[in-house]
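Below: one structure, written as structure tokens.
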Amino acid sequence: MDDSKCLSDAYVRLRAAVSKLGEETAIAGTSDSVAATLPSATAVQKALSSLPHRGDAGYLEPRGFDATLDYLVGTVVPALNGQNLGGRYYGFVTGSTLPVAEAADNIVTALDQNLHAHLPAQTVSTSVEAAALEMLLEVVGLGEAGFGGRIFTTGATSSNVLGLTLGREGVLSMRLDGGPAESVSELGMLSACRKAGVSDIQVLTSMGHSSLYKAASIAGIGRGSVVDLPYSDAEPWRLNVDHVEETLMSSPGTAFIIVVSAGEVNTGRFATTGLADMQRLRALADKYGAWLHVDAAFGLFAMVLPDKPDFARLRQYAQGIELADSITSDAHKLLNVPYDAGIFFSRYPQLQHQVFQNANAAYLGGPSSSSSSSFPAIPSPMNMGIENSRRFRALPIYAVLLSEGRLGLSTMVSRMVRLARGVHEILAKIPGYETLGGDSIEDTYIGVLFWAKDDTVNANLASRINASREIYVSPTAWAGHSACRVAVSSWRVAQGDLQIVERVLRRAVASV
């Protein structure tokens, strides 16, 4: 059997095994798999027991293709969760994978491109990435906003690292004013801060995602420099713009990066209420030399929602994102492409190149851009982001943009929002629950935060719900207490799922 036939047969077997993870539902109008949640305890234990250990007989001896495939199909696959197989996995915001994206991802694996350099005469991969990034900007209405710095990343964490690193460079370079040689990327943080007369760098935000704190640590700013400025106890996700201004005014020896969360991780709420907030933040950033960064991991795609009254509030909250210096988002969330795929945009491609350039590596070869009319001038990705070695993750994104277009993406995200609002309404009518983070249905995006009113039930509420294996919710915390989150991000969602959701939620608090 030749290699291509062998691989083709293997894929068919693996795909069939994956399909068996789900069971057909008998309820019409629901997403297509009941067991799109957790594997059985038996399957998990079998897989765990099968893992090789040093000292086992035959440890690291070759098993061969067929035996390995049999093992993967029969033991490993059944022990994986089924979040991609149905619309009722409401745990991590990872969406499902659109079939066209899965097909494209298999092409990525088969041809194994490395997008380290723009080599247009050798591969079209970097040109496809550039086209996909441009299409994304157009889809969310930022095509004319001047975001010339663009790159696909592994996800929001690496994108936030890019944002804070570039922001750090920007706020200090404005004070150094000595060209590339007088920069953090050349001098290092200590020397650059000393020369710029800066004693500290602070990140001002409200309920920032945990990845923001991690990014601050990696960028040398420090987790302790992330300052939370909530609007109020009732709306902690909102950024208090008055406090931002007071902080900027009172700390002349400190450089600042302002981070706006376009979608808080638990509630899905936005840190700003509309264009006026963003305009004011932009003016403050310009006046005090701060960097304005928007973490829009899933909030960016609120901009594709149709211009209809029921989505007016969400569209309003997303207004002004175009005023940022940098923006991050995730494609593996609402765009429904395979893990992992993040997005980063900045207004300053030259500054981005200065920070992330891969200097002194002649062996990587090839021009960073081409002046030939046959090939567009595109910066080599290794000079615009963290990685030198990069998977061709642009291809599934490109495939989804071609397949769905603006209308298809708008329709898909609309279904998610309507399903989340349906869950909110169900929780509101069951006496044992309380929704958190605001009661307005119009404010509900893709996330619903809630807890059980009875403390005993609430202590293990997520386990009660997930034990059904019909839906899956995330355990989380709110105001120091246990809570649960429903995050709707799959293209497979269907309104008929709400019947199952209501049945499971009622059962979980039936004892009280």
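Give all pairs with beta carbons closer than 6 Å in which a residue from the stretch 392-409 that is more than 14 Å from Trp491 (Cβ to Cβ) meets a residue that is of a type outside the set (A, V, I, L, M, F, W, C); count only pairs at least 6 apart in sequence or on separate chains.
The qualifying pairs are Phe392/Gln113; Phe392/Ser125; Ala394/Glu129.
Which members of the stretch 212-241 meet the condition of being in a helix (DSSP H, G or I) and farther than 21 Å from Tyr317 by Cβ?
Passing the criteria: Tyr213, Lys214, Ala215, Ala216, Ser217, Ile218, Arg223, Gly224, Ser225.
Kindly list the number of the only condition in (1) surrounded by 20 or more Cβ atoms within 10 Å (Cβ to Cβ); (2) at pLDDT 90 or above; (3) not in a helix (DSSP H, G or I) that fails for Leu142.
Condition (1) is where Leu142 drops out.
Can you name every residue in the stretch 51-106 that is crowded, with 16+ Cβ neighbours inside 10 Å and at positive phi?
Matches in the stretch 51-106: Gly95 only.
Can you spot a residue in the stretch 429-452 that is small (Gly, Ala, Ser), in contact (Cβ under 8 Å) with a residue 60 or more places away in the chain and within 21 Å of Ala103 (Cβ to Cβ)?
The answer is no, given that none of the residues of the stretch 429-452 is small (Gly, Ala, Ser), in contact (Cβ under 8 Å) with a residue 60 or more places away in the chain and within 21 Å of Ala103 (Cβ to Cβ).
Between residues in the stretch 471-482 that are over 15 Å from Ala508 (Cβ atoms) and residues that are of a type in the set (Lys, Arg) and crowded, with 16+ Cβ neighbours inside 10 Å, which pairs lie under 8 Å by C-beta distance while being six or more apart or on different chains?
Thr476/Arg485
Given the criterion polar (S, T, N, Q), modelled with pLDDT of 95 or more and within 28 Å of the chain's Cα centre (by Cα), identify the matching residue among Ser440, Ser414, Ser474, Ser380.
Exactly one of Ser440, Ser414, Ser474, Ser380 is polar (S, T, N, Q), modelled with pLDDT of 95 or more and within 28 Å of the chain's Cα centre (by Cα), namely Ser414.
If a residue has to be over 20 Å from Arg421 (Cα atoms) and surrounded by fewer than 17 Cβ atoms within 10 Å (Cβ to Cβ) to count, how many in the stretch 455-488 make the cut?
11
Looking at Ala283, is it over 26 Å from Phe147 (Cβ atoms) and without any contact (Cβ under 8 Å) to a residue 12 or more places away in the chain?
no
Considering the stretch 318-338 alone, what residues qualify as being without any contact (Cβ under 8 Å) to a residue 60 or more places away in the chain and either of a type in the set (A, V, I, L, M, F, W, C) or farther than 30 Å from Gly289 by Cβ (or both)?
Scanning the stretch 318-338 gives Ala318, Leu323.
With the checklist (1) in contact (Cβ under 8 Å) with a residue 60 or more places away in the chain; (2) more than 23 Å from the chain's Cα centre (by Cα) in hand, flag the one item Val488 doesn't pass.
Here Val488 meets the rest and fails (2).
The values are calculated or read from the model by the stated rules, or taken from the named source; none is laboratory data. It should be emphasised that the depicted structure is a prediction, and the values quoted were computed from it without experimental measurement. Reconstructed Cβ throughout: ideal geometry from the backbone, glycine too, with neighbour counts over all protein chains shown.
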